[in-house]
1. Fewest Cβ neighbours within 10 Å first, please rank Glu85, Glu60, Glu11 accordingly.
2. Nearest 20 debye, what's the magnitude of the dipole of segment 1-70 about its Cα centre given +1 on Lys and Arg Cβ and -1 on Asp and Glu Cβ?
3. Under 16 Å from a point placed 7 Å out from the Cα of Leu55 along the Cα-to-Cβ direction: which residues of segment 1-31 have their backbone N that close?
4. Which whole-Hz ³J(HN,Hα) couplings does segment 25-31 yield from phi under the Karplus relation 6.51 cos²θ - 1.76 cosθ + 1.60, θ = phi - 60°, glycine and proline marked x?
5. Count charges around Glu42 for me, please; just the other residues with Cβ under 14 Å from its Cβ, Lys/Arg as +1, Asp/Glu as -1.
6. To check my understanding: the extent here is largest minus smallest coordinate of the Cα atoms along each principal axis. What are those three numbers for segment 1-70, in Å, largest first?
Amino acid sequence: MGNKYSTFSGEIYDLRNDLVHTGINTKVVLSKNSKSKEHLQEMKGYLWINTQQFLNDFKESLKQISDNITNGDIFFQNAMDRLREFNIIEVYKLQDGPSPGPEDEFFQ
């Protein structure tokens, strides 16, 4: 999601763990105030995250990944390699025709 998030990757991962494992967040202030400029800033001992900005950044990252997969870029190749490596499903080569979708037999 970009360099601004990598600066606080440890804190964001801790937030994820807190919410998933205990449901209690004690180190991050989550604000959905659309007028607030505080986002990914340490203030008064807490990391402030504007949830609307976080969601927008997350959506943009997913769009970039989707575009890269559609264009056959590195994300696509990494996904194909992982599927082959773990033998999860048979991976078709692009030149063999269209990629399988959820309506195909092995997804049923």
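Values in this text are rule-based calculations from the coordinates and carry no lab data. This structure is a prediction, so every number in the text was calculated from the model and none was measured. Every residue, glycine as well, gets a Cβ built from its backbone with ideal geometry; the counts of neighbours run over all protein chains shown.
1. Ranked by crowding around the Cβ, least crowded first: Glu85, Glu60, Glu11.
2. Using only the charged Cβ atoms, the result is roughly 240 debye.
3. Residues 30-31 fall inside that zone.
4. My calculation for segment 25-31 gives 9, 10, 10, 10, 9, 9, 10 Hz in order.
5. Its environment carries a net charge of 0.
6. Sorted from largest, the Cα extents of segment 1-70 read 41, 31, 19 Å.
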